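Working notes, beginning with the structure itself.
The values are calculated or read from the model by the stated rules, or taken from the named source; none is laboratory data. Here the structure is a predicted model, which means the values were calculated and not measured. FYI the Cβ positions are ideal-geometry reconstructions off the backbone, even for glycines, and counts take in every protein chain you see.
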Amino acid sequence: MKLIECVPNFSEGRRPEVVQEIARAIISVPGIKMLDQSSDASHNRSVFTFAGEPAAVKEAALRAARRAAELIDMEQHRGEHPRIGATDVIPLVPISGVSMDECVALARELGREIGEKLGIPVYLYEEAALAAERKNLAAVRRGEYEGLKEAIRQPDRRPDFGPPRLHPTAGATAVGARPPLIAFNINLNCSDVKVARRIARSIRGSSGGYPSIKALGVLIEETGAAQVTINVCDYRLVSLARIFETVKSEAARYGVAISSSEIVGLLPMEALLDAAAFYLRLQGFHSGQVLEKRLTEI
């Protein structure tokens, strides 16, 4: 069975009724399994994780983008997280019986359909990118929704599919194919967002930190706490434990400590096992020693 995971992010985290409408659009496609759903009011963002066979995943993503365009007005949207549209990003992840090349082809098909059927400009990113400078999602999002209104007119910022202008309410969408990504947030026991930004700069790859790490410093309005919000693009290159310890060390330089951390959505089991092995100083430990994993192999 060919199985693809899709993790679309939508620019709405404060209206549960809107989030549920988008969820209904996704699960209305036969064969789709909703795996996880989370919303954050401060980021004003919701993340869904669903899986299914390629054709079903493409249809579910298209229906979700259509419903989001009907219910979300980017002219009214405010939130801590970078974004360019109502359906901000749609990554496809190969899980079983599917190659990355197949995910790339599907992402490009989906991008074309969103552009042609919904009139939403689409940028391809990560492995699906048609241009090297668009592989990095941060480059695609540069200027965010507000800045893209004018930037989209520039030759180097024109979309890969759809009209050369933002949709009047839905903005633009980024569609890509990538390996599993871990959304990892670390909260500090202070409200100084400048400290979070300095720490984020020290760990992200684009600033000379760890490879495959993207990070920002933001302020969480509900708690008044500064947060280092992190995308771990390849946990095999740098572990969660290593990231946590680095943030802890950097925070101490400013007289700040970590108060908590959180995972948004799903993550590979190996990523947590790596952290367990690190902190417990386990020798020769391997995933085959996990009871639940062995039971699923029977």
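Out of curiosity, is Arg67 buried (at least 20 other Cβ atoms within 10 Å of the Cβ), more than 14 Å from Val175 (Cβ to Cβ) and out of contact with any strand residue (DSSP E or B) (no Cβ under 6 Å at 6 or more places or on another chain)? In short, yes. Note on the range 221-236: among residues that are within 18 Å of the chain's Cα centre (by Cα) and surrounded by fewer than 22 Cβ atoms within 10 Å (Cβ to Cβ), the one that is farthest from Lys194 (Cα to Cα) is Arg236.
Determine, yes or no, whether Lys248 is farther than 30 Å from Phe285 by Cβ and surrounded by fewer than 18 Cβ atoms within 10 Å (Cβ to Cβ). Considered against the rule, which asks whether it is farther than 30 Å from Phe285 by Cβ and surrounded by fewer than 18 Cβ atoms within 10 Å (Cβ to Cβ), Lys248 comes out as no. Select from the range 201-220 the residues that are touching a residue at least 60 places away in the same chain (Cβ under 8 Å) and in contact with an Asp or Glu (Cβ under 8 Å, 6 or more places away or on another chain) and list them in ascending order. Matches in the range 201-220: Val218, Leu219, Ile220. Within the range 180-198, the set of residues being farther than 12 Å from Ala257 by Cα and among the β-branched types (Val, Ile, Thr) comprises Ile182, Val193. Selection of strands (runs of 3 or more DSSP E) fully inside the range 1-81 by the criterion of at least 3 residues being among the polar types (S, T, N, Q) and assigned by TED's automatic domain parsing to the domain that holds Ala107 returns 33-40. Return yes when Ala215 is assigned to a helix (DSSP H, G or I) and crowded, with 18+ Cβ neighbours inside 10 Å and no when it is not. No. Taken over the range 22-38, the criterion of being touching a strand residue (DSSP E or B) at 6+ places or on another chain (Cβ under 6 Å), over 12 Å from Pro8 (Cα atoms) and crowded, with 17+ Cβ neighbours inside 10 Å is satisfied by Ile32 alone.
For Leu295, the stated conditions do not hold, so it cannot be described as in a helix (DSSP H, G or I) and touching a Ser or Thr at 6+ places or on another chain (Cβ under 8 Å).
Taking the options Ile84, Ile95, Ile90, name whichever one is in contact with a Lys or Arg (Cβ under 7 Å, 6 or more places away or on another chain), under 26 Å from Lys214 (Cα atoms) and touching a residue at least 12 places away in the same chain (Cβ under 8 Å). Result: Ile84 is the single residue among Ile84, Ile95, Ile90 that is in contact with a Lys or Arg (Cβ under 7 Å, 6 or more places away or on another chain), under 26 Å from Lys214 (Cα atoms) and touching a residue at least 12 places away in the same chain (Cβ under 8 Å).
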